[in-house]
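Inspection log for the structure reproduced underneath, given as structure tokens.
The values are calculated or read from the model by the stated rules, or taken from the named source; none is laboratory data. Here the structure is a predicted model, which is why all the values come from computation and not from measurement. Cβ placement follows ideal geometry from the backbone for every residue including glycine, while neighbour counts extend to all protein chains displayed. Note: areas computed on protein heavy atoms with side chains; ligands, DNA, RNA excluded. Shrake-Rupley method; radii C 1.70, N 1.55, O 1.52, S 1.80 Å.
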Amino acid sequence: MSDKSAQENGGSRTAGGARGPRLREALADVPAYKPGRPASAEGPVSYKLSSNENPYPPLPGVLESVTAAAASVNRYPDMTCSGLFAELADRFDVPVSHLATGTGSVGIAQQLLQATAGPGDEVIYAWRSFEAYPIITQISGAASVRVPLTGGPEKEAHDLDAMADAVTERTRLIFVCNPNNPTGAALPGAELERFLDRVPSDVLVVLDEAYREFVRDERVVDGIELYRDRPNVCVLRTFSKAYGLAGLRVGFAVAHEPVAAALRKTAVPFGVSNLAQEAAIASLRSEGALLERVDALVGERTRVLAELRGQGWTVTDSQANFVWLRLGDRTTDFAQRAEAAGVTVRPFAGEGVRVSIGETAANDLFLQTAAAFRKEL
Ligand SMILES: *Cc1c(COP(=O)(O)O)cnc(C)c1O
């Protein structure tokens with residue numbers, strides 16, 4: 001029996017011919033999440049610009065908090081995240097009952113799907129966008145409805161009209177990635193509001209704002225302002241990017257009841273460790289240092305975009321901590337050249353490369369690669 005028909009019969013055959021455990025059909029062709037390549041072990045220098053991480057070490061106070069919290073790792077963490085919630089409620093002026101945490105904002109996105117969608121349902125998102133969306137949607141059993149980005153390499157924007165047109169009575173959730181990973185394009189608030197006004201009130205709209213702290217375009221509105229009078233909007237934020245805590249897995253959601261309550265129900269118990277909670281609190285309290293670092297990265301982003309344009313590339317105006325080069329067939333070639341020059345970037349074969357803004361020296365190596373590559377086109 002072929003693997004496929006074995007699966008259709010509800011099990012896969014092991015080498016000895018015994019039937020293996022029955023796995024859900026939905027998992028059969030779930031694409032694997034590709035982590036960014038680590039910095040290369042070879043060569044005189046090597047930088048990782050492939051995962052949109054923060055190049056700075058943890059903010060002042062974070063190591064001390066984590067070290068102190070480590071003394072009690074024999075205990076389960078505070079399941080209600082009370083300290084972190086109090087800090088977030090104050091910082092963002094939202095009630096504690098509208099907050100939820102999770103193992104990174106990807107963990108929360110998965111919980112939102114668990115809470116809203118299953119076989120027969122539809123989930124809409126732009127494409128290309130964050131590569132976790134197709135994976136977690138497929139695991140839920142729901143069908144992905146992908147709406148192509150619009151405006152070409154200059155804009156790389158969500159086509160919000162087409163996304164609203166794609167809503168059917170099966171639609172349960174819509175992801176809006178703002179700014180969009182991997183293109184960096186951000187949506188003006190007026191456009192987003194018009195879209196939200198068009199979406200039926202029983203469809204959950206998830207505003208994934210993983211890069212919110214890097215936004216400088218004043219037309220882009222903070223999702224937390226948009227959620228306030230819209231019970232079908234959920235905002236996702238993370239401590240992984242600007243706050244520099246990618247290794248600790250903590251993100252949060254802001255949403256009205258009953259969405260926030262559904263997130264509490266679908267959470268893995270004690271999923272957010274004590275170390276992560278304490279680190280997040282310490283990071284929020286180090287806001288001055290955070291803003292300085294974010295400003296420095298935004299300064300580097302401005303410089304990188306200007307130099308790329310000077311070299312002749314068409315690039316969209318990224319509002320995140322990365323830039324996007326649409327390279328089509330030459331994507332893999334470019335990624336290999338960058339790696340040989342000492343920087344690992346994130347290629348999406350056949351489409352383009354996403355390059356995180358990192359240390360100045362790393363950004364320079366990327367720019368040198370881009371300049372040399374451009375001359376050969
Ligand atoms: C990095 C990223 C996240 C955050 O992931 P965590 O699970 O919080 O580390 C969420 N959404 C997008 C679009 C991202 O790029």
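Overview of results
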| read-out | value |
| --- | --- |
| Qualifying residue in the stretch 146-162 (condition: open to solvent by less than 10 Å² (accessible area, probe 1.4 Å), part of a helix (DSSP H, G or I) and out of contact with any Lys or Arg (no Cβ under 9 Å at 6 or more places or on another chain)) | no |
| Residue check for ALA166: more than 30 Å from VAL62 (Cβ to Cβ), in contact (Cβ under 8 Å) with a residue 60 or more places away in the chain and small (Gly, Ala, Ser) | no |
| ARG212 being under 19 Å from ALA109 (Cβ atoms), among the charged types (D, E, K, R) and open to solvent by 40 Å² or more (accessible area, probe 1.4 Å) | yes |
| Residue among VAL176, VAL199 that is at pLDDT 95 or above and either within 16 Å of the ligand (Cβ to nearest atom) or under 30 Å from PRO58 (Cα atoms) (or both) | VAL176 |
| First in the stretch 109-131 and open to solvent by 30 Å² or more (accessible area, probe 1.4 Å), second anywhere and outside any helix (DSSP H, G or I) and β-branched (Val, Ile, Thr), Cβ under 7 Å, 6 or more apart | GLU122/VAL145; GLU122/THR168; GLU122/THR171; TRP127/VAL147 |
| Tally of residues being at positive phi and surrounded by 14 or more Cβ atoms within 10 Å (Cβ to Cβ) across the stretch 48-103 | 3 |
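For (1) at pLDDT below 95; (2) within 11 Å of the ligand (Cβ to nearest atom); (3) out of contact with any Ser or Thr (no Cβ under 6 Å at 6 or more places or on another chain); (4) acidic (Asp, Glu), each residue gets a yes or a no:
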residue	(1), (2), (3), (4)
LEU192	no, no, yes, no
ASP208	no, yes, yes, yes
VAL220	no, no, yes, no
LEU226	no, no, yes, no
ASN232	no, no, no, no
GLY251	no, yes, no, no
ALA262	no, no, yes, no
ALA282	no, no, no, no
